[in-house]
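Chemist: Below you will find the structure I want to go over with you.
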Amino acid sequence: METIQHELTAEERHERLVAFLKRHMDEKRRDEQETRERYKSDPAIREAFAKLKQENEERGTPVVRL
Amino acid sequence: MKKEEPPLLGYNYIFIGGVDSVYGFITNNNNSYEVKFKPSPYALGDDFAFGEHIYELVLKVVDSPTDKNPPFDALTAPTVAAIIKDFYDRSSLTITIYICDTSDRREMARWYKFNRWYDHFNANNYFRADQAVLDEKDGVLYHCAFIIKANNPNKMAVITAFNRLMDGYNVAK
């Protein structure tokens with residue numbers, strides 16, 4: 001965490017927060033790409049989704065209760 | 001006579017596990033979703049005493065037959081809500097952070113979705129706070145929220161840390 005040597009103004013703090021959120025969005029994009037690649041390549045995830053698909057086929061189409 | 005099955009309130013989901021506590025579900029339209037709880041111990045500042053309980057909620061379509069954003073699906077929200085509830089059942093001290101993805105400028109649609117998920121919770125059992133942060137230069141509105149169990153003994157510390165974060169005090173570097 002950044003050590004604050006002087007009291008930041010509200011505007012400076014807001015800029016820091018926005019910069020943090022922008023960095024966070026960059027991380028999210030990288031993470032999204034990794035998630036998609038892992039979905040395609042990770043045998044445990046492939047197996048889990050295959051099992052789920054089979055269960056869904058056996059169960060049939062869910063009924064929506066609104 | 002065959003007994004009629006009761007209507008279902010959501011899709012089947014599966015807990016896959018791993019570091020990010022991954023869950024998966026598949027919709028009627030064959031869209032595959034991953035819901036994960038990514039450990040984010042420093043999200044509320046590195047001096048926050050309960051960082052081990054902080055997770056960022058991430059929902060992603062990992063496979064879609066059309067490669068487009070899936071259309072509205074009434075069963076997705078209750079499914080996500082059920083998954084979140086399942087995760088809280090594993091640890092009642094969980095602090096879930098949600099920050100809307102703004103990368104494709106569909107943050108408002110995601111925020112509405114998040115609100116639909118939350119609507120499926122029993123509101124009495126959970127406490128939520130949120131705040132929007134405007135980046136005036138880029139014209140982007142960041143929606144940020146956290147959810148905890150209403151009886152979380154660290155509730156006041158979480159609220160204080162979240163408010164300080166939103167005020168730009170304990171922003172992680």
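Chemist: Just to confirm a number: summing +1 for Lys and Arg and -1 for Asp and Glu over residues other than B:ALA109 whose beta-carbon lies under 13 angstrom from that of B:ALA109, what do you get?
Modeler: Charge balance in the 13 Å sphere: +2.
Chemist: Output wanted: per-residue J couplings in Hz (rounded whole) for the range B:21-38, from phi through Karplus 6.51 cos²θ - 1.76 cosθ + 1.60, θ = phi - 60°, x for Gly and Pro.
Modeler: Along the range B:21-38, the couplings run 6, 7, 10, x, 8, 10, 8, 4, 8, 6, 8, 9, 10, 10, 10, 9, 10, 8 Hz.
Chemist: Under the rule of at least 5 residues apart or a separate chain, name every residue whose amide H is placed under 5 Å from the amide H of B:VAL62.
Modeler: B:SER32, B:TYR33, B:GLU34
Chemist: If we count other beta carbons within 10 Å of each Cβ, what is the order of A:LYS40, A:LYS22, fewest first?
Modeler: A:LYS40, A:LYS22
Read-outs throughout are calculated quantities, based only on the coordinates presented, and are distinct from any laboratory measurement. Not measured: the values here are computed from a predicted model. For neighbour counting, all protein chains shown are included, and Cβ atoms are generated from backbone atoms with ideal geometry for every residue, glycine included.
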